[in-house]
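Chemist: Below you will find the structure I want to go over with you.
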Amino acid sequence: MRMIGLGDNVCDCYLHQGLYYPGGNCVNVAVNCKRDGFEEAAYMGVFGDDDKAEYLKWALDQEGISYERSRVLHAPTGQPGVNLNEEGDRIFVGGIAKDTAQQIVSMCLTKDDLAYLGGFDLCHSSCYSLLEHELHKLQGVVELSFDFSDYRDEEYLQKVCPYAKYGFFSGADLSEEEIKKLIGTCHELGTKIVGVTRGGKGALFSIEGKLYEQGIKKTEVVDTMGAGDSFIAGFLTKYTHTGDPVESLDFAATCAAKTCTIPGGFGYPHKL
């Protein structure tokens with residue numbers, strides 16, 4: 001099985017540590033899918049041309065993640081500032097978040113890109129990737145997984161849900177009734193598998209209308225950065241290989257808990 005992350009890359013700058021870590025939703029998911037059991041994982045996005053971009057590529061090389069069809073732009077890499085609270089939850093505090101490489105130039109998927117993407121079993125993208133206008137091109141080419149984060153208004157759902165098989169949301173602020181309504185809307189628009197993570201309350205998933213609930217796995221929390229991305233990667237890896245929702249959700253929770261025990265999205269600290 002082969003998967004590819006399509007979209008965002010950043011370097012998370014931990015101001016209190018004087019360190020930065022490679023990251024970004026699509027990068028994190030690709031790396032974790034490879035670690036979790038995909039035979040091959042790749043990444044495609046827009047890199048800057050600064051030292052942060054070179055370090056991101058180096059980290060991907062260490063993980064065996066190809067990025068051969070990515071673009072490079074004369075612009076900075078996204079560098080969100082991060083601090084951790086006493087519970088290990090990451091708090092974003094400014095940093096370079098505007099006029100970054102992937103914001104200045106959004107990818108346009110060419111015929112060659114689509115032929116390349118068609119060689120994968122799964123493609124994962126996100127609301128941070130600024131590719132909503134390109135998702136229709138993926139229909140019939142590759143199955144799409146999409147992280148909506150907290151982008152939940154119906155106009156946005158209408159742009160993405162018809163093209164996504166898997167949809168993942170952050171919904172700790174939602175009631176169970178609101179979550180079920182959100183899930184129903186996504187199903188109506190075409191997304192077959194919808195998951196909503198709820199922080200300490202675990203996750204609620206619907207697979208073609210059947211609901212599943214998954215609790216969290218207790219662990220010693222060092223840093224929650226990337227835990228949600230690890231949950232997504234764990235679920236995608238297990239579900240695409242086994243088709244078992246219960247086993248896949250349990251594995252996803254284990255992966256998220258493990259990520260909470262390390263700093264950064266997937267490691268590789270570097271001095272700021």
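Chemist: State the label only: which of [x] 12.9; [y] 21.9; [z] 15.0 corresponds to mean projected area of the Cα convex hull in nm² computed from the shown model?
Modeler: Correct label is [x].
Chemist: Compare the Cα positions of Phe251, Leu157, Ile96 along the charge dipole of region 2-266 (+1 at Cβ of Lys, Arg; -1 at Cβ of Asp, Glu; about the Cα centre) and return the one farthest towards the positive end.
Modeler: Phe251
Chemist: How large is the helix-only mean residue ellipticity at 222 nm for the chain, computed as the sum of -39500 (n - 2.57) over DSSP H runs with n ≥ 4, divided by its residue count, in deg cm²/dmol to the nearest 500?
Modeler: About -9500 deg cm²/dmol.
Chemist: Can you pull out the GluC sites (Glu not before Pro) in region 162-216 that DSSP calls coil and that have at most 13 other Cβ atoms within 10 Å?
Modeler: Working: sites: Glu176, Glu177, Glu178, Glu188, Glu208, Glu213; in loops: Glu208.
When the GluC sites (Glu not before Pro) of region 162-216 are filtered for loop state and at most 13 Cβ neighbours within 10 Å, Glu208 remain.
Chemist: With θ taken as phi - 60° and the coefficients 6.51, -1.76 and 1.60, list the Karplus ³J(HN,Hα) couplings across region 175-187 in order, rounded to whole Hz; mark glycine and proline as x.
Modeler: 6, 4, 5, 5, 5, 5, 5, 4, 4, x, 5, 4, 4
Chemist: If you don't mind, another one. Could you name the lysines in cross-link range of Lys111, using Cα to Cα under 23 Å and dropping any fewer than eight places away on the same chain?
Modeler: Of all the lysines, those that pass the test against Lys111 - Cα under 23 Å, at least 8 places apart if same chain - are Lys137, Lys159, Lys165.
Chemist: Right, here's the next one. What size of dipole, in debye to the nearest 20, comes out for region 125-272 about its Cα centre when the only charges are +1 on Lys and Arg C-beta atoms and -1 on Asp and Glu C-beta atoms?
Modeler: Dipole of region 125-272, to the nearest 20 debye: 360 debye.
Chemist: Considering only DSSP beta bridges where both residues belong to region 1-110, give the percentage that are antiparallel (nearest 5).
Modeler: Here the share of antiparallel DSSP bridges comes out near 45 percent.
Chemist: Would you mind calculating the gained length between Glu39 and Asp244 on full extension (0.36 nm times residue separation, minus the Cα-Cα distance), in nm to one decimal?
Modeler: 71.9 nm
Chemist: Related question: Dipole of region 136-216, Cα-centred, from +1 at each Lys and Arg C-beta and -1 at each Asp and Glu C-beta, to the nearest 20 debye?
Modeler: The dipole magnitude comes to about 260 debye.
Chemist: In the chain, if the dipole is taken from +1 on Lys/Arg beta carbons and -1 on Asp/Glu beta carbons about the Cα centre, which of Phe120, Thr77, His187 is farthest to the positive end?
Modeler: With unit charges placed on the Cβ atoms, the residue in question is Phe120.
Chemist: Also, I was wondering about something else. Calculate the translational D of region 10-68 in whole µm² s⁻¹ from Stokes-Einstein, where the hydrodynamic radius comes from the Kirkwood formula applied to all Cα pairs, the temperature is 37 °C and the viscosity 0.692 mPa s. Walk me through the numbers on the way to the answer.
Modeler: Details: Rh = 11.9 Å.
Stokes-Einstein gives a translational diffusion coefficient of 275 µm²/s.
Chemist: On to the next question. Only Cα pairs under 8 Å and at least 6 apart count here; give the relative contact order of the chain as a rounded whole percent.
Modeler: 20 percent
Chemist: Quick one: length gained pulling Tyr156 to Glu68 fully straight, 0.36 nm per residue minus the C-alpha distance?
Modeler: 28.7 nm
Chemist: Next question, about the same structure. Of Val27, Ile232, Ala172, which is farthest towards the positive pole of region 2-266's charge dipole, taken about the Cα centre with +1 and -1 on the beta-carbons of Lys, Arg and Asp, Glu respectively?
Modeler: Ile232
Chemist: Could you name the aspartates and glutamates in cross-link range of Lys271, using Cα to Cα under 13 Å and dropping any fewer than eight places away on the same chain?
Modeler: Here the aspartates and glutamates satisfying the reach criterion relative to Lys271 are Asp12, Asp51.
Chemist: Then there is this: Taking the Cα centre of region 2-266 as origin and charging only Cβ (+1 Lys, Arg; -1 Asp, Glu), how large is the dipole, in debye to the nearest 20?
Modeler: Using Cβ point charges on Lys, Arg, Asp and Glu, region 2-266 gives about 300 debye.
Since every read-out is calculated from the coordinates, none of them should be taken as a lab result. Only a predicted model underlies this, so the values are computations on that prediction, with no experimental measurement involved. Neighbour counts run over all protein chains shown; Cβ positions are idealised from the backbone, glycine included.
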